[in-house]
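The next block holds one structure in the form of C-alpha cells; read it before the comments.
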Amino acid sequence: MKLLSIAIPCYNSEAYMRHCIESLLPGGDEVEILIVDDGSTKDRTAEIADEYERKYPGICRAIHQENGGHGEAVNTGLRNAEGIYYKVVDSDDWVDEAAYQEILSTLRRFVCGEETLDMLISNFVYEKQGAKRKKVMNYRTALPQNELFTWDDVKVFMLGQYILMHSVIYRTELLRECGLELPKHTFYVDNIFVYQPLPHVKTMYYLNVNFYRYFIGREDQSVNEEVMIGRIDQQIRVTKLMLGYCDVTKLKKRKLRRYMVRYLEIMMTVSSILAIKSGTEENMAKKKELWQYLRKLNLTLYLRLRWGFLGQGTNLPGKSGRKFSIVGYKITQKFFGFN
C-alpha cells in the first residue's frame, strides 16, 4: 500500500504536464502518481502519460478515459487510488520539493502512530503570471500548527481565507465513505471537493509550508474571469449542489457550521458578481433565480446569507447599485490577490 496517491487530471496538457509530474517524482516509492488522461485528442497527453508509466513503473500509472471533465478525472483517480491519503494536483501546477518531503514525513508519522489523521492542510502560492509579488495563502491565524486538532480547536478564518483543493490532502477512505462523487462535464467542482467531506472530517493537521504552486494567468484557464462569466451556468450549478448536500444550519459543531456557511456565502457572492459583471439581463435573471432557489430550499440559511454583508453588497438595487457592487469586488480582488 502506498502512503500517498496523487491524481493529475490531464486534458490536452502536453505543454505543461511534464513539469507537474517531475515535481512529484521525488516522493519515490511511497507515492503513486495517477496520470488521468481525460480523453485528450489534440496533443500528446496520452503518449506522455504512457511514457512516464514505462519509465517509472510502480510509481506512475497512466489511466485513460473518455472525456468526462475535471471532476470525473478526480473521481477516476479516487477509484484507482491505493494510497492511504489522496491529493489532486492540476497538470499546470507543481509542488515545492522541500515542502513535499515535510508533507510525506508528517503523513508517515500518522500512518505509523496510533492517531488517525483525516485531513492535512498546507499553504499554496499563487504563481500569477505577470504579478510582481507572489501571494501565499496560509492559515496561521485560523489553525493550530504542528499538532493534531479538531473543529473545536479552529480559530478564526479571515475574509478570503478558505481551504481550497490546492491546500488539502484527505484520508482516502474518508472520501469513499462520505460518497464523494464530482459531477461530470462541469467546471468549478473543486469547491465540492473541499466542501462536501468536511462534516466527516474529525481530525486535522496544519503544516505551515508553501507546498502547492498554483499557476494562474492563462487566457483559457477556467478561473479566468471572462471564461467564468461565459460558464456562469456551471458556477450556479455547483453552488446549488453545495447548498443541497446538507443543512449546514443544523450542524452541531459550531466552528464547522460557521466555516461551511461562510463558504456558501462566498459561492453565492461569486455567482452574483459574475452575473452583475456580465451586464446581461439574462444573467441577472439567473442571479435572482439562484437566490429564490436558496430561499425555497433553506429559509434560515437564506436570511443569514441574503442579509449578511456580502449578500447585501451583491443585491444593491439599480444600475448604481450594480456599479457599487463591482467596485467593492475589485477592491477585495486586489487586496486578496485572487483573479
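The values are calculated or read from the model by the stated rules, or taken from the named source; none is laboratory data. Please read all numbers here as calculations on a predicted model, not as lab measurements. So basically every Cβ, Gly included, is an ideal-geometry build from the backbone, and we count neighbours across all protein chains shown. Ligands, DNA and RNA are stripped out before the accessible areas are found, and what is left, the full protein with its side chains, is counted by its heavy atoms. Shrake-Rupley method; radii C 1.70, N 1.55, O 1.52, S 1.80 Å.
Hey, what's the per residue convex hull volume over the C-alpha atoms of region 28-67, in cubic angstrom?
Values: hull volume 2.0 nm³, N = 40.
Convex hull of Cα atoms, per residue: 50 Å³.
Under a 1.4 Å probe, what is the accessible area of the chain per residue, stated in Å²? List each step's numbers first, then the result.
Working: 15640 Å² over 339 residues.
With all protein chains present, the chain gives 46 Å² per residue.
Can you tally the net charge around Arg213? Count Lys and Arg as +1, Asp and Glu as -1, for every other residue whose Cβ sits under 14 Å from the Cβ of Arg213.
On the way: positive: Lys87, Lys128, Lys134, Lys135; negative: Glu22, Asp90, Asp92, Asp93, Asp96, Glu97, Glu127.
Neighbourhood net charge equals -3.
Might you report the magnitude of the Cβ-based charge dipole of region 67-167 about its Cα centre, with Lys and Arg at +1 and Asp and Glu at -1, to the nearest 20 debye? Walk me through the numbers on the way to the answer.
Values: 11 positive and 15 negative charges, 110 e Å.
So the dipole magnitude of region 67-167 works out to roughly 520 debye.
For the chain, with all protein chains present and a 1.4 Å probe, just round the carbon and sulfur fraction of the accessible area to a whole percent.
On the way: 8120 of 15640 Å².
Of all accessible area on the chain, carbon and sulfur atoms account for 52 percent.
Taking only Cα atoms, what is the 0 to 90° angle, nearest 10, from helix 254-278's long axis to the longest principal axis of the chain?
With both axes taken from Cα atoms, the answer is about 70 degrees.
Calculate how steeply helix 69-80 sits against the longest principal axis of the alpha-carbon atoms of the chain, using the helix alpha-carbon long axis, and give the answer as 0 to 90 degrees to the nearest 10.
Taking the Cα atoms of the chain, the angle to 69-80 is about 40 degrees.
Distance between the C-alpha centers of region 80-133 and region 175-254? Whole Å please.
So the two Cα centres are separated by 17 Å.
Can you find, among Val248, Gly77, Tyr212, the residue farthest towards the positive end of the dipole of the chain? Put +1 on the C-beta of Lys and Arg, -1 on that of Asp and Glu.
Val248
Relative contact order, percent, of the chain when contacts are C-alpha pairs under 8 Å separated by at least 6 residues? Each step should come with its number before you reach the end.
On the way: 577 pairs, mean separation 53.9, N = 339.
16 percent.
If you take every residue apart from Leu143 with its C-beta less than 13 Å away from the C-beta of Leu143, what net charge results, scoring Lys and Arg +1 and Asp and Glu -1? Mind dumping the intermediate values first?
Working: positive: Arg140, Lys155, Lys255; negative: Glu147, Asp152, Asp153.
So the environment of Leu143 carries a net charge of 0.
What number, in nm² with one decimal, is the all-direction average of the projected area of the convex hull of the alpha-carbon atoms of region 11-151? Each step should come with its number before you reach the end.
On the way: hull surface 40.7 nm².
Averaged projected hull area, Cα only: 10.2 nm².
For region 179-273, give the magnitude of the charge dipole about the Cα centre (Cβ charges: +1 Lys/Arg, -1 Asp/Glu; no others), in debye to the nearest 20. All intermediate terms of the calculation are to be shown ahead of the outcome.
Numbers: 15 positive and 9 negative charges, 166 e Å.
It works out to roughly 800 debye.
Find which of Met165, Cys112, Pro144 sits farthest along the positive direction of the dipole of region 98-191, computed with +1 on the beta-carbon of Lys and Arg, -1 on that of Asp and Glu, about the Cα centre.
The residue sitting most towards the positive pole is Met165.
Per the Cauchy relation, a quarter of the hull surface: what is the mean projected area of the convex hull of the alpha carbons in the chain, in nm²?
Projected over every direction and averaged, the Cα hull of the chain covers 16.8 nm².
Dipole of the chain, Cα-centred, from +1 at each Lys and Arg C-beta and -1 at each Asp and Glu C-beta, to the nearest 20 debye?
Details: 48 positive and 42 negative charges, 466 e Å.
Dipole magnitude for the chain comes out near 2240 debye.
For region 85-212, state what percent of all Cα-Cα pairs lands in each successive 10 Å bin, counting from 0 Å until the bin that includes the largest distance.
That works out to 11, 43, 36, 9, 0, in percent per bin.
Would you list, by chain and number, the aspartates and glutamates whose Cα falls below 13 Å from the Cα of Lys184, excluding same-chain residues fewer than 8 positions away?
Asp38, Glu66, Glu72
Go through Lys134/Lys253; Lys155/Lys240; Lys134/Lys240; Lys155/Lys250; Lys55/Lys87 and tell me which ones have a Cα-Cα distance over 26 Å in this structure.
Beyond 26 Å between Cα atoms: Lys134/Lys253; Lys155/Lys240; Lys134/Lys240.
Between Asn146 and Leu303, what FRET efficiency follows from the Cβ-Cβ distance if R0 is 30 Å, with the result rounded to 0.05?
On the way: r = 39 Å, r/R0 = 1.31.
Working from the Cβ atoms, E equals 0.15.
What's the angle, to the nearest 10 degrees (0 to 90), between helix 281-297's Cα axis and the longest principal axis of the chain?
Helix 281-297 and the main axis of the chain meet at about 80 degrees.
In region 100-160, which GluC sites (Glu not before Pro) are in a loop and have at most 16 other Cβ atoms within 10 Å, using DSSP for the loop call? Please list the in-between numbers first.
Details: sites: Glu102, Glu114, Glu115, Glu127, Glu147; in loops: Glu114, Glu115, Glu147.
Loop-located and lightly packed - Glu114, Glu115, Glu147.
Of Ile192, Leu182, Leu264, whose Cα points farthest to the positive end of the dipole of the chain (charges on the beta-carbon: +1 Lys, Arg; -1 Asp, Glu; origin at the Cα centre)?
Leu264
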